[in-house]
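Below: one structure in structure tokens.
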Amino acid sequence: ISGGAGGWAATFATASGTRTIEADLVIDCTELGDVAKAAGVKYRVGMDSPSYAGESMAIGPNDVVQDLTMVMTLKDYGHDVTISRPEGYNETLYYNSCKSAYNVANTTGQTIWSPAEMMSYGLLPGGEIMINWPIHGNDYYVNLIDMSRSERAAAIEKAKLHSLGFLYYLQTKIGYNTWGLADDQYPSDDRFPLIPYHRESRRIEGEYLFSVLEAASPFEYQGFRTGIAVGDYPVDHHHYQYPDWQSIKINFPKIVPFTVPLGCIVPKDVDGMLVAEKSISVTNLINGSTRLQPVTMELGQAAGALAALAIRKRKLPREVGVRDVQEALLKAGARLQPYLDLEPSSPDFLILQRIGSTGIMRGKGETVGWSNEMSFRTSANLLKSELFLEDYYGIPHDNSTAAHSGATFVALIEKITQSDIDTPLRDKSTITRLEAARFIDEVLDPFHTHIVSLSGEVHAKQ
């Protein structure tokens, strides 16, 4: 691939020769960021140092990546379908995959579940079972990111053998001999998916670097104003198949639901290209959350929206307005902020998304086990300390925890508009946060009247 701001040419090898495709803009949605590398985008692989993004819990730098998995889809054939003993099979690798007579000392500290719990973990709608089991199951360690094509293929074959070994163990030791690789799921001769589940890839140097610190305290940063893809998964890394896993234990911090900033998909030094999937500009630590499929699907949607706008406006992606991209996503029914209060069908959904994206009003995030949640608290009374107007209108933040009355709130907005406002809100002894958001959106419309840079800085439109 070659090109830049003026356009790209990508040459593909096919069975009948080569084929070159020209394009104005390229989006790298590969699993490992291969196109970005070929185009000269700077990137990082492995764990970061604490000094890189100020993450004190980081333990790099090194080239250790997360385990990958050759996921299996199994179905019950109703008769014995035990496979041949796989090459290199070592049953001891799987002894602690579930509760059984084969359990040995639990050195990793991972919870050992019953066979039924293990098998139901990936139960699919059609009755098939997805085997993506990290507890002495089919996770496999290899860093193949910068390998050649042939080296990668060889490494993936070894990962498949490891998964087949787990299947053979389940069939011969745990009693699931009627369960085998589904023959109707994938267009592959070996019945495996076409690619592994890669949990980690290259991470580009982008216009914005999203870190675990920001995911833990989003409103202490400005990136949330440019949000394009929401996530709520805790920081989760798979490392137990790394040979020296005990040397890379990480004290993962708790986070709250987050939104990935737009600048994370825009390479810093290469124009005319966007990067999605897992290869965005994030730290190694927070990749443990942004790698999840719901987030990467949203990133793909956002990259497509930005690319389309760039083409239509005849601009480079970095020159397209953040709010233009966010507006396009909202029109498509996407979320910019991870608030759970309202569904897209609500007439107030867009208001919460717009006002939430300005930061003038902010939600509250909580860590609840594996279910992180963030609420706008729509029905709560608005407190004076819950309005952040300084960046937009120069009004200093009020630290008072007293509730706003309708009169004090309207007077504050009138100070901005420099005009009297006729509204029944003025007569209310208290107002809810949703009422305040509606009023700000209607009267001030800060989402549309102010420009936000890729770094999250706010400027009034000229």
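Roughly how far apart, in whole Å, are the Cα centres of the range 331-349 and the range 64-101?
41
Using Cβ contacts closer than 10 Å as the measure, can you line up ARG202, ARG225 from fewest to most? Kindly include the intermediate steps, with their values, before the conclusion.
Values: ARG202 23, ARG225 28.
Going from least to most buried by this count: ARG202, ARG225.
Let me ask another. Which of GLU435, GLU87 comes first, and how do the rest follow, when ranked by fewest Cβ neighbours within 10 Å? Spell out each step's value before the answer.
Values: GLU435 18, GLU87 10.
So the residues, fewest neighbours to most, are GLU87, GLU435.
Round to a whole angstrom and tell me the spacing of the C-alpha centers of the range 440-462 and the range 126-171.
Using only Cα atoms to place each centre, the spacing works out to 48 Å.
Another question about this same structure. Could you tell me how many degrees, from 0 to 90 and to the nearest 10, lie between the Cα long axis of helix 149-172 and the main elongation axis, the longest principal axis, of the Cα atoms of the chain?
70
Among 442-450, 155-163, how do they line up by average Cβ neighbours within 10 Å per residue, starting with the highest? Before the final figure, lay out each step's value.
Numbers: 442-450: 16.7, 155-163: 18.8.
Result, highest mean first: 155-163, 442-450.
By count of other Cβ within 10 Å, fewest leading, how are HIS239, HIS404 ordered?
Exposure proxy ranking, most exposed first: HIS239, HIS404.
Using Cα-Cα distances under 8 Å and only pairs 6 or more residues apart, what relative contact order does the range 139-201 have, in percent?
RCO, the range 139-201: 21 percent.
While we're on this one: Would you mind working out the magnitude of the charge dipole of the chain relative to its Cα centre, with +1 at each Lys and Arg C-beta and -1 at each Asp and Glu C-beta, to the nearest 20 Debye?
Here the size comes out at about 260 debye.
Another question, if that's okay. What percent do you get for the relative contact order of the chain when only Cα pairs under 8 Å and 6+ apart count? Please list the in-between numbers first.
Working: 899 pairs, mean separation 73.8, N = 462.
That works out to 16 percent.
Treating only the Cα positions of the range 68-181 as identical point scatterers, give the base-10 log of I(q)/I(0) from the Debye formula at each q in 0.13, 0.16, 0.19 Å⁻¹.
-0.50, -0.75, -1.02
What do you get for the angle between helix 322-331 and the principal long axis of the chain? Use alpha-carbon atoms, 0 to 90 degrees, nearest ten.
That helix lies at roughly 70 degrees to the long axis.
When a/c is below 1.5 the answer is rounded, else prolate if a/b is larger than b/c, else oblate, so apply that to the chain with a ≥ b ≥ c taken from the square roots of the Cα gyration tensor eigenvalues.
prolate
Between beta-carbons, use under 10 Å as the cut-off and find the net charge around ILE351, counting Lys and Arg +1, Asp and Glu -1.
Counting the neighbours of ILE351, the net charge comes to -1.
Say the cut-off is 24 Å between C-alpha atoms; which of LYS249/LYS364; LYS75/LYS160; LYS37/LYS278 go over it?
LYS249/LYS364
If Lys and Arg each add +1 and Asp and Glu each add -1, what is the summed charge of the other residues whose beta carbon sits under 13 Å from the beta carbon of LYS254?
Local charge sum for LYS254: -4.
Still on this structure: With a Förster radius of 22 Å, plug the Cβ-Cβ distance of GLN110 and ALA154 into 1/(1 + (r/R0)^6) and report the FRET value to the nearest 0.05.
0.15
Sticking with this structure for a sec: When you count, for each residue, the other Cβ atoms within 10 Å and take the mean per peptide, how do 359-365, 127-133, 311-317 rank with the highest first?
359-365, 127-133, 311-317
Only the coordinates and a few stated rules stand behind these numbers; no lab work does. Worth saying up front: this structure is predicted, and the values here are computed from it rather than measured. Neighbour counts run over all protein chains shown; Cβ positions are idealised from the backbone, glycine included.
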